[in-house]
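A short write-up of the structure that comes next.
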Amino acid sequence: MSTMHLFQIESLQTQFQGLLHLQSETEGKQEIMKTNLASLKGLYGDLVKQNNKKIFLFCLDSFYFQYKTLCVELDNIGRFITMINNRMYGDYYKLYNIILMEASQTDETVQELMSEFKKFTAYKDLDPFHSYPKEEMIQLHKNILSLLNHLYVKYLRKEQEIVNYSEITTFGMGVGNFMHTLSFENTMVKEQILLYVNYLQFFHKSQEKYLTKLFIRIEQFLKEVEEDILHHRGTGQTHMIVQSPLHEEISKEKEQKKKDLEETISVLENKIEIEVKSESKKEEPKEEPKKADPIPPKKEEVKKPDPIPPKKEEAKPAQGSKETPKK
């Protein structure tokens, strides 16, 4: 294939590899966006759980609307990616079919390829959002280049035959019309190959244009989502976001701001603590000596009346003795 400089087969292969790389980058950005939106959804869910009052839910409704708009745009981007991939498969599928149909009329080798072509998934024009296997698209492009190379080799061999036949004319034989007809038919083969190459180059340019526009759109959308996540989440929870210059710049700015706030709070807390201690010393009252508790007055004891002593029994005089009368 390296000898086929006229139709630049190797250049076509390089262009196609560039398209595949751009396609992979676009799909990779799409996965990153899905991860970031899932992060936003989780953040919204946490805020709702922690702040379930009606007024807070009313305030968070705008954040949820923002999340929904990003989801809708991501869905549109996903549909656009699917449509471009569908178109790429359809371009190569149709072109390969056309080349086979035209070349198989005069080439038995190409006729054998018709049975292999049926193994590919049939393209449906009425379903522009159907996803076809990427491996089949790559194989279709590879078969197209191989078929073009086969046709070009066939053209060169025909040219050799024409050169050999031209030697006969030196002997005076009237084969001029025959030679013109051979040259005409071989020139038709050459122009037909060139037409197919132009088709393929046009497909590459148009596909590159669509993929580049889509990639730029995804980049802008990714920055928007990234800014939203970094605005609402701490730097310690943004590990899911792929590092980018914008992400690094905002992270550094937030880290510096966080550091400044911590230093300011620390200084203010120390200052307040010192002031509180000094004020407490000033306002602390002097301890007065404790006064002895006054002795409570003794209660006057109520004198109880003396108990009446029991009457002494008078001694009875003894019998025979006379009682002295009282005066």
- Task: Evaluate the following for THR69: is it closer than 18 Å to LEU222 by Cα, out of contact with any helix residue (DSSP H, G or I) (no Cβ under 7 Å at 6 or more places or on another chain) and among the β-branched types (Val, Ile, Thr)?
- Result: yes
- Task: Search the stretch 35-46 for residues that are among the small types (Gly, Ala, Ser) and pair each with any residue that is not in a helix (DSSP H, G or I) when their beta-carbon atoms are under 7 Å apart and the residues are at least 6 apart or on different chains.
- Result: SER39/MET240
- Message: Let me spell it out: the conditions are (1) of a type in the set (Lys, Arg); (2) under 23 Å from LEU194 (Cβ atoms); (3) exposed (fewer than 13 other Cβ atoms within 10 Å of the Cβ), and LYS118 meets all of them except one. Which number is the exception?
- Response: (2)
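If you check LEU19 against the conditions, is it modelled with pLDDT under 80, assigned by TED's automatic domain parsing to the domain that holds HIS150 and part of a helix (DSSP H, G or I)?
Judged against the criteria, LEU19 is not a match.
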- Scanning the stretch 121-145 residue by residue, those surrounded by 13 or more Cβ atoms within 10 Å (Cβ to Cβ) and either outside any loop (DSSP other than H, G, I, E, B) or among the aliphatic types (A, V, I, L, M) (or both) turn out to be LYS134, GLU136, MET137, ILE138, GLN139, LEU140, HIS141, LYS142, ASN143, ILE144, LEU145
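The values are calculated or read from the model by the stated rules, or taken from the named source; none is laboratory data. Keep in mind that what you see is a predicted model, and the values were worked out from it rather than measured. Note: ideal-geometry Cβ built from the backbone for every residue, glycine included; neighbour counts use all protein chains shown.
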